[in-house]
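So the structure is just underneath, and the comments pick up after that.
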Amino acid sequence: MAAFRTIFGCLLFVVALATVGGLLSTPVRAESIVGFSDDELMDGFQKTVFGVEYGGASAGSAVKKFNGAVRVRVINLADKDRQREVAGFVSRLPRLVRGLDIRMARPGENPNFTVYVVDRADYVDTVRTDVLGSTHGSVPGQCLVRVYPGSLGIVRSTAVIVSDEGNSLFRRCMVEEILQGLGPMNDNAALYASVFNDRSRHDRFMPFDRAVVSMLYDRRIRPGMTRSEVGVVLPRVLADVRRSVR
């Protein structure tokens, strides 16, 4: 995939590459952020918010987040309809992430986050037709999210999640791609307590990830901020997040 020249107006991808079997085990302290130092949590923020799996260095040089309401629609193309599972996860997010305005789109509302649920046999065609807009080109990963960032924040995101390869892989892809479609787009193998790590076995919204996404959606973290700009305010942001995330 071609390198991206600028963070704004470009198209960014995140894919899940690992299978559920044979992944990294989960240390006990992953179940709470209490055991993590401020430096570890801020490092996790930097590793996930800055950088992208697919794209040039400039594509990951600034904060990406929705700057306003996120309205989600599910398009089910799979034999097993998992719309209720996606809606259930989305409905929990506002309680888990302070500052994140997200819910399922109501009739007549224009969604800005679309989730396709497909069977594996339809994955490539769906990505090419409904995400890439081209019948050619490689389609990476077990599942995928595409983010469309603009100068004022993410404009929209589109995820494709596979339904028919087991509950664990579905949950893993659902959680990871929806969260990464909100802005923390990078994966890092050092983050054992996170779904933002293609080698971890987590298939739920981990406390470590709640801290990262809650920091991102604090009002003091703005779209387009650089690492150095974030570094000035992040310690104070984290201090507030610690009071709401355990």
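The values are calculated or read from the model by the stated rules, or taken from the named source; none is laboratory data. Everything quoted here is computed from the prediction, not taken from an experiment. Here Cβ is always computed from backbone atoms with ideal geometry, including for glycine, and neighbour counts include all displayed protein chains. Just so you know, the surface numbers come from the protein's heavy atoms only, side chains and all, with ligands and any DNA or RNA stripped out. Shrake-Rupley method; radii C 1.70, N 1.55, O 1.52, S 1.80 Å.
The residue list ALA121, SER134, LEU144 was ranked by how far each Cα lies along the charge dipole of the stretch 95-162 toward its positive end, using unit charges on Cβ atoms, and LEU144 comes out on top. Working note: Cα gyration tensor of the stretch 74-125, eigenvalues times five, square-rooted, sorted largest first, giving semi-axes of 24, 13, 10 Å. GLU229 sits among other residues whose Cβ lies under 11 Å from its own Cβ, and their net charge, with Lys and Arg +1 and Asp and Glu -1, is +3. The alpha-carbon atoms of the stretch 123-245 define a convex hull whose volume equals 122 cubic angstrom per residue. Solvent exposure of the stretch 166-246, expressed per residue, is 35 Å² of accessible area, with all protein chains present and a 1.4 angstrom probe. Taking all Cα-Cα distances within the stretch 84-187, those exceeding 21 Å account for 35%. Calculation over all alpha carbon pairs of the stretch 175-237 in 10 angstrom steps from 0 returns a P(r) of 21, 50, 27, 2 percent. Grab the other residues whose beta carbon is less than 11 angstrom from that of SER168, score K and R as +1, D and E as -1, and report the net. Here the charged neighbours net out to +2. Note on the stretch 34-160: with neighbouring protein chains present and a 1.4 Å probe, carbon and sulfur make up 48 percent of its accessible heavy-atom surface.
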